[in-house]
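Peer 1: After the structure tokens below, expect a handful of questions from me.
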Amino acid sequence: MKTIHTDKAPAAVGPYSQAKIAGGFLFASGQVPINPETATVIEGGIEAQTEQVCKNIEAVLTEAGTDFSKVVKTTCFLADINDFKAFNEVYANYFISKPARSCVAVKDLPLGVSVEVEIIAEV
């Protein structure tokens, strides 16, 4: 098992890793819309926050030596299910291979963000 860490994605805010590689797959922790350079939550609506989440995912994928085309599963958490359509519009620009996905609304997300996405990808 190999631990993945990059300074181009937010540092873990708890006792966990950004991602682990095991058995030929990358298992990435959920990414939230934190700008890794400033360590602050991105201001703006669901579109801006989803954009940052996808950039953070891209940084983890790159560090692991893989990319969006190798993502096989995503789990998406929205603070408001009414953001589903706007979230999908940004998400579709990154996950063009259309991985398997679950998307649910949750009561709260860490740091009061609107979106969190975790992935599993081939490496």
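Peer 1: With the requirement that a residue be acidic (D, E) and either in contact (Cβ under 8 Å) with a residue 60 or more places away in the chain or surrounded by 13 or more Cβ atoms within 10 Å (Cβ to Cβ) (or both), what does the range 96-123 give you?
Peer 2: E116, E118, E122, listed by residue number.
Peer 1: Taking the range 28-57 on its own, how many of its residues are assigned to a strand (DSSP E or B), surrounded by 18 or more Cβ atoms within 10 Å (Cβ to Cβ) and over 11 Å from the mean Cα position of the chain (by Cα)?
Peer 2: Qualifying residue count for the region: 1.
Peer 1: Related question: Quick one: count up the residues across the range 17-27 that are over 22 Å from A79 (Cα atoms) and part of a loop (DSSP other than H, G, I, E, B).
Peer 2: So the count comes out to 3.
Peer 1: Looking only at the range 1-33, which residues are polar (S, T, N, Q) and in contact with a Phe, Trp or Tyr (Cβ under 8 Å, 6 or more places away or on another chain)?
Peer 2: If the condition is that a residue be polar (S, T, N, Q) and in contact with a Phe, Trp or Tyr (Cβ under 8 Å, 6 or more places away or on another chain), then S29 is the only one that fits.
Peer 1: Which of the residues spanning the range 101-121 are among the small types (G, A, S) and in a helix (DSSP H, G or I)?
Peer 2: G112
Peer 1: With the checklist (1) in a strand (DSSP E or B); (2) in contact with a Leu (Cβ under 8 Å, 6 or more places away or on another chain); (3) of a type outside the set (S, T, N, Q) in hand, flag the one item V60 doesn't pass.
Peer 2: Only one criterion in (1) in a strand (DSSP E or B); (2) in contact with a Leu (Cβ under 8 Å, 6 or more places away or on another chain); (3) of a type outside the set (S, T, N, Q) is unmet by V60, namely (1).
Peer 1: Give the residue that is farthest from the chain's Cα centre (by Cα), with candidates limited to residues of the range 1-16 that are small (G, A, S) and either at pLDDT below 95 or part of a strand (DSSP E or B) (or both).
Peer 2: Applying the filter and picking the extreme gives G14.
Peer 1: Next question. On the given criteria, is N88 in a helix (DSSP H, G or I), within 14 Å of the chain's Cα centre (by Cα) and not small (G, A, S)?
Peer 2: For N88, the condition - in a helix (DSSP H, G or I), within 14 Å of the chain's Cα centre (by Cα) and not small (G, A, S) - is met.
The values are calculated or read from the model by the stated rules, or taken from the named source; none is laboratory data. All of these numbers come straight from a predicted model, not from anything done at the bench. When we count neighbours, we look across all protein chains shown, and the Cβ atoms used for this are built from the backbone with ideal geometry, even at glycine.
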